[in-house]
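Following: one structure in structure tokens, then a few remarks.
Every number here is computed from the coordinates shown, using simple stated rules; none is lab data. Nothing here was measured: the structure is a model prediction, and the numbers come from that model. Every residue, glycine among them, receives a Cβ derived from its backbone with ideal geometry; neighbour counts consider all protein chains shown.
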Ligand code: DQA
């Protein structure tokens, strides 16, 4: 176990409507709340010697600002951009500008859903994509990020 100061920082960033997890369409997204997911990310991250910070916003511009601020501070980002995955150009532009490696994540299997969810502006830039494993996807993503950063 490394000391806190030598741990690599990882940002777990959630986009619009993910604050509603637990009550939002539980048949699709599960019944785990965002607070539970974030607590699990912090503790799983600590076990991997990663210092995890979690943030969520419903606003595209706020997500862009936080991605910009990650430059030189965060070693990696786990990003569930929600519906902005399929619509935003500003978020992938921010990720390119920030030069922070990121993993795209979705709780649901977006490829088994409506066609508009099949396209992502993020995937071509991502280190990898995890989708369809529900809340467990966040710990899978942290495992993958720990390997990437090793
Ligand atoms: C999502 C999938 C998106 O298509 C949707 O708009 C979301 C959540 C997921 O985690 O499965 O808000 O990113």
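Points worth noting:
- Considering residues of segment 1-21 that are part of a helix (DSSP H, G or I) and within 16 Å of the ligand (Cβ to nearest atom) only, the residue nearest to residue 142 (Cα to Cα): 18
- Residues considered: 115, 104. Of these, the only one that is touching a helix residue (DSSP H, G or I) at 6+ places or on another chain (Cβ under 8 Å), over 15 Å from residue 9 (Cβ atoms) and either without any contact (Cβ under 8 Å) to a residue 24 or more places away in the chain or surrounded by 21 or more Cβ atoms within 10 Å (Cβ to Cβ) (or both) is 104.
- Scanning segment 22-39 for residues that are within 9 Å of the ligand (Cβ to nearest atom) and touching a residue at least 12 places away in the same chain (Cβ under 8 Å) yields 28, 29.
- Residue in segment 83-115 that is farthest from the ligand (Cβ to nearest atom), counting only those that are within 18 Å of residue 136 (Cβ to Cβ) and under 14 Å from the mean Cα position of the chain (by Cα): 103
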